[in-house]
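Structure first, then comments.
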Amino acid sequence: MLDRSLTDALARDLAAASFTSEGVAALVGESAAAALTRMIAHPARRAALRRPGPLSTLVRALWLGDAVDEAALADALPQLGVDGAIALGLVERRGGTVAPLMAIRPHDYADALGEGSWWIASDLDELAGLWPLRPDHVLGVGGAARTLAHLLPLEPCSQALDLGTGCGIVALHLRRIAERVVATDISARALGFAELTAALNGVDGIELRLGSLFEPVAGERFDLIASNPPFVITPRTAGVPEYEYRDGGEPGDALMAAVVAGLAEHLVEGGQARLLGNWETVGDTTGLERARGWSEGGDVDAWAIERDALSPVGYAELWLRDGGTLPRDADHDRLLDAWLDDFEARGVREIGMGWLALRKHGGAPSLERFERIGHPVQLEHVGAHLASAFADAAALAALDDEALTAAHLVVSPDVTEARHQLPGAAGPTVIELRQGGGLGRTLSVDTALAALVGACDGELAIGQLVAAIAGLLEVDGDVLGADLLPRVRELLVTGFLRGVTER
Ligand SMILES: C[S@@+](CC[C@H](N)C(=O)[O-])C[C@H]1O[C@@H](n2cnc3c(N)ncnc32)[C@H](O)[C@@H]1O
């Protein structure tokens with residue numbers, strides 16, 4: 001149990017020293033601060049050493065992991081004091097200096113609910129020259145956690161679960177939406193960091209529980225489940241390092257399958273889940289097809305978005321590098337062999353990486369999409385888009401074609417149209433609808449659909465528009481309607497058109 005008087009004192013000291021992203025950038029300079037995000041410490045250390053003072057000491061100790069002079073730390077932490085920092089497990093006395101035992105770094109966030117900053121406690125890492133990482137290393141905030149935060153629906157809810165909380169970053173995001181958050185982890189060390197993270201930021205309502213997968217929440221249901229699970233596929237070969245933060249200890253992508261399979265019985269009806277994950281293409285079954293299998297029959301609508309896919313060699317290379325093993329290292333080829341042997345033995349041809357969104361339904365599924373979206377996507381739009389797509393799909397499932405024909409729809413304000421025409425041609429050869437928000441899709445459409453979308457200003461019903469366009473194109477109205485209506489449904493779910501549900 002943390003001593004709240006100590007964590008409060010630490011928070012006051014950090015604030016007083018301007019230990020924020022902005023404050024640190026002002027101290028070390030923008031380019032040195034940017035280098036920190038690329039795990040390059042030296043420019044920041046060099047700048048901080050030139051400008052001694054409380055902020056410089058905190059940057060060196062808590063961000064870069066440098067041992068610092070005891071008097072300087074006492075000066076930087078006037079309320080907590082060095083003894084308080086030792087009592088919190090933040091530092092230890094070592095050979096006349098004080099050495100940090102963990103990292104505390106500011107993390108900024110911004111989304112439709114607002115912006116802010118938290119201090120995140122985690123293990124010291126490469127920035128502190130610690131390499132290789134310990135097997136039970138607890139990650140700070142990385143790109144994956146940032147991405148997952150952007151996938152969350154931002155609608156208020158009652159209960160949320162963060163499965164595999166690590167330093168607690170996703171739990172903090174969930175707590176902005178949910179009245180109560182349960183954050184679990186298999187690592188007691190991780191829960192210790194998550195507890196400190198929450199306390200430092202004065203965030204209550206996060207309950208920490210130790211245990212694997214859904215064990216700690218047996219029999220409980222949530223409105224929202226988020227997880228950045230340890231999805232990295234690692235060969236189960238003796239001598240291959242395993243890292244708790246990235247490796248769930250299962251062969252292949254079995255851990256992902258277990259997480260997805262467990263979601264339905266822990267979601268309330270209408271409850272949603274957002275996950276990051278990897279999926280293997282095994283033989284002729286693509287990764288996305290296998291991901292479909294994980295949720296099938298589970299009373300959930302499911303949407304998997306594959307953002308990238310790597311060959312076994314590319315995948316092994318990525319995670320060997322992440323673990324600090326480079327091609328020049330003695331161990332490299334042995335470890336690469338272990339990865340490739342494992343993929344070969346199981347017939348794995350490719351590994352997809354991406355996002356999974358699920359929604360528990362009470363009846364038949366209304367949305368099942370398993371697709372590759374490799375183009376750049378503006379992440380800040382994604383959470384709201386996924387949530388409204390599930391709502392639209394459910395509303396559409398209840399709407400037969402007759403009712404859809406009577407609906408008045410509007411084109412979304414972020415949609416633009418581009419026409420490409422060969423020089424001298426009478427009309428366009430390609431018409432594209434482009435989406436600024438949502439998943440940033442570009443669709444090639446024919447004249448009829450372009451005309452329909454262009455006319456969707458809510459004034460006339462879809463059936464009236466189809467009839468008018470059929471007249472203009474001199475085609476049969478029923479035939480055109482049968483062609484356009486399924487595509488109107490697709491445009492509603494993908495966010496090009498609106499109007500079926502209130503937003
Ligand atoms: C990739 S890290 C994510 C940490 C944090 N949520 C984030 O996004 O930065 C995965 C976390 O899952 C935890 N974990 C590993 N195996 C687990 C299991 N079987 N059940 C629950 N958590 C597990 C690890 O300890 C680690 O903290």
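General observations
- FRET efficiency estimate (nearest 0.05) - Cβ-Cβ, residue 378 to residue 30, R0 22 angstrom: 0.45
- Farthest toward positive dipole pole in the chain [+1 Lys/Arg, -1 Asp/Glu at C-beta], among 318, 182, 358: 318
- Whole-Hz Karplus values for the stretch 367-383 come out as 9, 9, 10, 9, 9, 9, 10, x, 6, x, 10, 7, 4, 5, 8, 6, x Hz, taken residue by residue from phi with 6.51 cos²θ - 1.76 cosθ + 1.60 and θ = phi - 60°; glycine and proline positions read x.
- Once the chain from residue 265 to residue 432 is taken as fully extended at 0.36 nm per residue, the excess over their C-alpha distance is 56.0 nm.
- Descending semi-axes in Å of the stretch 134-378, equivalent ellipsoid built from Cα gyration tensor: 29, 23, 15
- Calculated FRET efficiency, residue 296 to residue 215, Cβ-Cβ distance, R0 = 22 Å: about 0.40 to the nearest 0.05.
- Calculated translational diffusion coefficient of the chain (4 °C, 1.567 mPa s; Stokes-Einstein with Kirkwood radius over alpha-carbon pairs) equals 51 µm²/s.
- Taken about its Cα centre, the stretch 399-502 carries a charge dipole of roughly 460 debye when the Cβ of each Lys and Arg holds +1 and the Cβ of each Asp and Glu holds -1.
- In the stretch 219-280, trypsin sites (Lys or Arg not before Pro) in a DSSP loop with at most 11 other beta-carbon atoms within 10 Å: none
- Counting only alpha carbon atoms, the long axis of helix 4-16 and the longest principal axis of the chain meet at about 80°.
- A cut-off of 5 Å between modelled amide H atoms, ignoring neighbours fewer than 5 places along the same chain, links residue 92 with 99, 101.
- The stretch 4-101 - convex hull of alpha carbons, volume per residue in Å³: 90 Å³
- About the Cα centre, charge dipole magnitude for the stretch 366-430 (Lys/Arg +1, Asp/Glu -1 at Cβ), debye: 320 debye
- Segment residue 40-residue 188, extension gain: residue separation times 0.36 nm, minus the distance between their alpha carbons: 50.4 nm
- Values of log10 I(q)/I(0), in the order q = 0.11, 0.13, 0.15 Å⁻¹, for the stretch 380-497 under a Debye, Cα-only, solvent-free model: -0.38, -0.52, -0.69
- Among the GluC sites (Glu not before Pro) within the stretch 65-166, not one is in coil by DSSP while having at most 13 neighbouring Cβ atoms inside 10 Å.
Every number in this text was worked out from the coordinates using simple rules, so none of it is lab data. These figures come from a predicted structure and were not determined experimentally. Cβ coordinates were reconstructed from backbone atoms using ideal geometry, including for glycine residues, and neighbour counts include every protein chain displayed.
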